[in-house]
Amino acid sequence: MAMMVPMRRNRNLLSELMTDPFDAFFNAASAPMQKMSPTLMRTDIKETDAGFELTIDLPGFDKEGVQAELKDGYLTVTAETKQETEDKKGTYVRQERFSGKCSRTFYVGDDIEEGDIKAKFDNGTLQIDVPKKVAKPEPETSRSISID
């Protein structure tokens, strides 16, 4: 009986044959996450005159599971999803839907405050607008130099 296994597209056999065996050995524990991580939280960052627009894909996540936090100039976006299944009939041969937590961190600058950042979540896409802070020029103070 054949197992139901999805086909891997864009498989590059030559690339897989030419990998360093030492890398595979030492990275064995992180290998499953390495293959999954490029598809989680894909982000586009666009610079505009007013600031930066971050567009983060979060398919399968809902608004309640997404959080954004600003701390020490770093904006951290965290998304969590829980898959609840009540199906007690049968066993899974393969389960590929993600259930867990992931996060990305972006440096936005020490002078950005939480109130400056605007965020909107719609249809699995998080849009974050981070303004550019314009450095205010310090007023010049004239100082007298005494002449001897």
Item checked: Breaking point among (1) over 14 Å from the mean Cα position of the chain (by Cα); (2) surrounded by fewer than 15 Cβ atoms within 10 Å (Cβ to Cβ), for ASP129 -> (2)
Next item on the list: Out of the residues in the stretch 94-110 that are in contact with a Gly (Cβ under 9 Å, 6 or more places away or on another chain) and either in contact (Cβ under 8 Å) with a residue 24 or more places away in the chain or under 13 Å from GLU53 (Cα atoms) (or both), state the one that is surrounded by the most Cβ atoms within 10 Å (Cβ to Cβ).
Entry: VAL108
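Only the coordinates and a few stated rules stand behind these numbers; no lab work does. Everything numeric in this text was worked out from a predicted model, so none of it was measured. No Cβ is skipped: glycine too gets one built from the backbone with ideal geometry, and neighbour counts run over all protein chains shown.
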